[in-house]
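Each remark here refers to the structure printed beneath this line.
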Amino acid sequence: MKQGLTIAWLLFLASVPLWLNNLYVLHVLIMAGIFIIAAMSLNLLLGYTGQLSLGHVAFFGIGAYASSLASLGFAVHLLPDWQVSVDPKPVWFSMLCGTLIAGLCGWAIGRLSFKVRGAYFVIVTVSFAEVIRLVALNWVELTQGPMALNNIPYLRLGIPGLFELSFLRKPANYYLVLAVGVICYVVIRRLVHSRAGRAMIALRENEPLAASVGVDVTRYLVLATIVSAGMAGAAGALYAHYVRIVDPDVFLFIYTVTMVIMVVTGGKGTLAGPIVGGAIFGLLPETLRALEAPPEVQWVTYGVLMVLVVYFLPDGIVPALRNWWHGRSAVAAAPAPEQASTEAAR
Amino acid sequence: MMSRTFKTALAVLGATLLAATASAQDTIKIGVTQPLTGAFAASGTYVMQGAKIAEEQINKAGGVLGKKIQLIVEDNKSNPTEAVSTAEKLIVREKVPVMLGAWSSTLTLAVMPKLEEYKVPMLVETSSSGKITTSGNPYVFRISPTSEMEARAFTPLVKSLGIKKADFLATNNDFGLGASKEFSEMLKRENVQIGTMEVMDPKATDFSAQLAKIKASGSDTLFVTTAVEQITLILKQAKDQQVTARIITTGGSNSPDQLIQQAGDAANGSSHLVFFTPWFPEAVKNPDIARTFVALWNEKKHHVGGLTEGFRGWDGIYTIVEGIKAAGKAEPEAIQKALWGVKVKGINGDIAFIKQGPAGRESAQNVPSVYLVKIDSGKVIRQ
Amino acid sequence: MRGKIPNMDQLLQHILNALILGGTYALLGIGLTLIFGIMRVVNFAHGELYAFGAYMMYLWVMVLGANFYLALPLAVLLGVMLGAAMELVLLRRLRGADIDTTMLVMIGAWITLQNVEQMTWSGVAKSINTPFPSSPLVLGSVSLSWNRLFVFVVALALIGATYAVINRTKLGKAMRATFQDRDTAALMGVDINWIHTATFALGSGLAAAAGALLGPVFVVVPTMGDLASLKAFAIVILGGLGSIPGATIGGFILAFMEELGAGYVSSGYRDAMGFLLIIVILLVKPTGLFAQKERIG
């Protein structure tokens, strides 16, 4: 039943470009999809290990920059007489590089940041993202600084001479984002249902207790960060080759906040949460536009909703809906003593 | 409840789409992408106001091809990625056949691939980077001068101003770095020594560290390239730190009136390269048009400091409308072809396009007039 | 080839600039560290109070034409009132919630305030006129504007006043007691609700004062609070979360690092100094330089 529902949803999503002949709406859906992937990756850290990382946009941006730079090629002087140059690489390979480099940065930053917890952890993650933004802004030789990386090539897949798929147009990009999104979903699902996933959830619930029964705390936190950073990097790579321009503002704190709002509203620590939250906040700006609200209204709405969700839906929409559903079926059948927080663990 | 919200959203969406198609029939849309918020907000707003005045005048005179024109203005937030998304919105959603934009060079360069992708021409009203017209994008029509043109126009003044050693302070983007490069190369050819070349973030507000360095270099002239907000702060802070070098600003987004108003005494003695001289309209090629524009601007009670920026919007829209008229229809490719042949009497001077860039894929460049003015005892004088 | 003397002058000028900047940085840091130390709230909206102070200054001086010296205390007072209101409306009901929850609420407040500012005042930068003479104060080979000197003096006075409030008044005593042990303080008859409101109002007032002082020196834009928030974090981490002397010294250290970094390394990395500092401090000595207690977790 549940499987069937998932497949029906997927079929519906896959059919969208076939009947929707409004390119602009498709563009909005693609952008929302990219942010949903990023939010899903943040959920792994925020929802499953319970670490509020507010530097997540760093991995998204690193993925975008690494992938763009690999596909464009670059030459930098690391020392006055030592130059490193990289020729342009195919886009699929670049995107893979972006994912891996973001994962690697996740490992490095995770190793360093998990020395501290709580407020310190939050601030150190914010600082990492900000330092990386300033590097992107000032290392002009590599990143073009505020001039942005321009004319980033789009993805082409195929066998030379036989056939080629080009991801220039919107429907193709829509399917690409959908495919990557499904892959990320499956990976996260398998991970949280594995031994490692149970260890992570144990950490979230009670770190000292988990450590005392032999869970290697740092190891699992770093593992989660690597996977999470790699996925955020993949989302960044998708973004770079779809929008085809990347500037240091991809590292702005506000994008991390957007991802956090998506996860918290949808329901952290649930598989569907970031998707529901991402869909709401990905499409909300366009709905507000249609109502002819000025752009600031969008952010004010974000801010107010964030506060309201914390007060009235602290677990997020998905657990609330699930409780409501179980509450209803409980009346008809046997009571279902399910807790939102343990739901994902099973 | 849920479904009603959904229905309302759908209805709104549908209504917007209907409204969009309905209005498409009786007006000709012109897309405008300008920085209305962010680091270049003031300048972008002035250009937009100038463009709106032109829109009103043209519609009062009967529009073009029997239809009224309608500007669709999008805010690119002084950010290149946002600029791309405004172009996407204007072209894909609003279906504009031609655009005006995008103020800074970085913003314009960001938009350019979209012009090629959708084959829509854009009139570039402010940007100065050479790259814009040399990279082989045939949809670019620029009426503002390149940094190289500005530097060339400045050459005879090097001797008369007695410049021996010069420093540079420029915003860290295509606009600032391009100007620093062209001017320093020109000065080297004129045997002027180059001191320190400093950069600043487009959003920075404290330049005390850079100015301390510039003061220590002991040059007689400091070339500053950025927008008016930062120039104001630089003038004030240079005075605070007793930087004695003569300050010359390039790029034409320096609005001497606003500097006098906001920097006060600190503005005295600074010189500015501008492309329109509202203080003495008789100096420009078409003084009648210049006077009309100044009168309309003041009638609207727009900021007097915005005239040197706002004229770009006027010149841009008049050139675009001339292109639409010559094309005979509001279609991107026809307008792109027709713009090559237009001759417009503008505020800056007579506008017409020459070819620049790789053969077969040339971009269009106008050869505008450049003026150097000086602020003296709170007044703008000719130099 | 530059002579030795101009280089010395440049260094002196950098030191002077850093001293002046350090005063306002310390104000920002003290406000944030007070709020964290006593309330355990990471106040992401701190920079918005800074921007609010600057905009109130603009409102009084440029829109309503009030006297500059009168406008300053008014702007600070309004900051205090906004802070108190935020505590009462947003934070009071979250008493006892974990640190992540209050952080999310403060992020929400930050986004809301910033965009309301943007809607109210538009994105165009505003400048504020000052009554100070436009020629600078010259001290030998270095110089500074009267405006910056004024900012420095007022900032020092406010820092001194804050110390006096904390160390010499009954309210300060109650605050210190709450900082050390909230439950015991409550048992001893300290009205914790009142202490929290007062702390948040005081911290917000200090941030608004920093904004009201620096607004006329630079320009006022809606996004000015972002960098202020992040710098305040750097200062507080440097000094140790909850330490007021730490925040004071941290403010000056950050100002020196930025100014010297921009002068001798690269002006582009000026704003990166603070964050590099955070990362290094947290890796080497996570409690900061002056923290009184171990506060991790």
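No lab work stands behind these numbers, since they all come straight from the coordinates. The model shown is predicted, which means the values in this text are computed figures rather than measured ones. Heads up, the Cβs are rebuilt from the backbone with ideal geometry, glycines too, and the neighbour counts pull from every protein chain shown.
See the values below:
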quantity: Computed over chain B, Kirkwood Rh from alpha-carbon pairs, angstrom; calculated: 21.4
quantity: Sparsely packed GluC sites (Glu not before Pro) within region B:161-235, loop by DSSP, other Cβ within 10 Å at most 16; calculated: B:GLU190
quantity: Chain lengthening between C:MET188 and C:MET119 when straightened (0.36 nm per residue, less Cα-Cα); calculated: 20.2 nm
quantity: GNM flexibility winner over chain B from B:ILE335, B:ILE354, B:ILE69 (Cα, springs under 10 Å); calculated: B:ILE354
quantity: Formal net charge of residues neighbouring B:ARG312 (Cβ-Cβ distance under 15 Å; K, R +1; D, E -1); calculated: -3
quantity: Under 14 Å, Cβ to Cβ, from A:ALA293 - net charge with Lys/Arg +1 and Asp/Glu -1; calculated: -3
quantity: Cubic angstrom per residue, convex hull over Cα atoms of chain C; calculated: 143
quantity: Spin-label pair C:TYR69/B:GLU299, simplified geometry with 7 Å Cα→Cβ offset, distance in nm; calculated: 4.7
quantity: On Cα atoms only, tilt of B:307-327 relative to the major axis of chain B in degrees; calculated: 40
quantity: Whole-Hz couplings from phi, Karplus 6.51/-1.76/1.60, listed for region A:226-243; x for Gly and Pro; calculated: 4, 4, 5, 5, x, 5, 4, x, 4, 4, x, 5, 4, 4, 4, 7, 8, 6
quantity: Helix A:253-266 axis, angle to chain A major axis (alpha carbon atoms, nearest 10°); calculated: 30
quantity: Within region A:284-313, GluC sites (Glu not before Pro) in DSSP loop having at most 11 other beta-carbon neighbours inside 10 Å; calculated: A:GLU292
quantity: Most fluctuating residue given options B:VAL47, B:VAL64, B:VAL228, as computed from a GNM of chain B linking Cα atoms under 10 Å; calculated: B:VAL64
quantity: Whole-angstrom Cα spans of region A:25-253 along principal axes, big to small; calculated: 58, 44, 31
quantity: Residue-count net charge about C:GLN114 - beta-carbon cut-off 11 Å; Lys, Arg +1, Asp, Glu -1; calculated: -4
quantity: Given 13 as the ceiling on other Cβ atoms within 10 Å, longest exposed-site-free region of chain C for trypsin sites (Lys or Arg not before Pro) in DSSP loops; calculated: C:96-292
quantity: Translational D in µm²/s for region B:283-374 (Stokes-Einstein at 10 °C, 1.306 mPa s, Kirkwood Rh from C-alpha pairs); calculated: 108
quantity: Sorted largest first, extent of region C:41-177 alpha carbons per principal axis (Å); calculated: 55, 42, 29
quantity: Candidate aspartates and glutamates - alpha carbon under 19 Å from B:LYS60, same-chain residues fewer than 8 apart omitted; calculated: B:ASP26, B:ASP288, B:GLU299, B:ASP315, B:GLU322
quantity: For region A:124-176, projected area of the alpha-carbon convex hull averaged over all directions, nm²; calculated: 6.2
quantity: Label-to-label distance, nm, for residues given as B:GLU190 and C:LEU19 (7 Å Cα→Cβ offset); calculated: 4.0
quantity: Residue among A:SER67, A:SER127, A:SER94 with the largest mean-square fluctuation in a Gaussian network model of chain A, springs linking Cα atoms under 10 Å; calculated: A:SER127
quantity: Taking all pairs of distinct alpha-carbon atoms in the protein assembly as shown, Kirkwood radius in angstrom; calculated: 30.1
quantity: Antiparallel DSSP beta bridges within the protein assembly as shown, percent to nearest 5; calculated: 45
quantity: Sparsely packed GluC sites (Glu not before Pro) within region C:211-297, loop by DSSP, other Cβ within 10 Å at most 16; calculated: C:GLU294
quantity: Entries in B:LYS236/B:LYS301; B:LYS236/B:LYS374; B:LYS203/B:LYS285; B:LYS164/B:LYS285; B:LYS29/B:LYS300; B:LYS345/B:LYS379 that, when Cα-Cα distance is taken, lie over 25 Å; calculated: B:LYS236/B:LYS301; B:LYS203/B:LYS285; B:LYS164/B:LYS285; B:LYS345/B:LYS379
quantity: The protein assembly as shown - charge dipole about Cα centre, Lys and Arg +1 at Cβ, Asp and Glu -1, debye rounded to 20; calculated: 800
quantity: Angle in degrees between helix B:105-118 and the longest Cα principal axis of chain B, rounded to the nearest 10; calculated: 30
quantity: Point-charge dipole on Cβ atoms (K/R +1, D/E -1) for chain B, about Cα centre, debye to 20; calculated: 400
quantity: Dipole magnitude of region C:4-223, debye to nearest 20 (Cβ charges: Lys/Arg +1, Asp/Glu -1, about Cα centre); calculated: 340
quantity: Listed residue (B:ALA334, B:SER144, B:GLY310) projecting farthest to the positive dipole end of chain B, Cβ model; calculated: B:ALA334
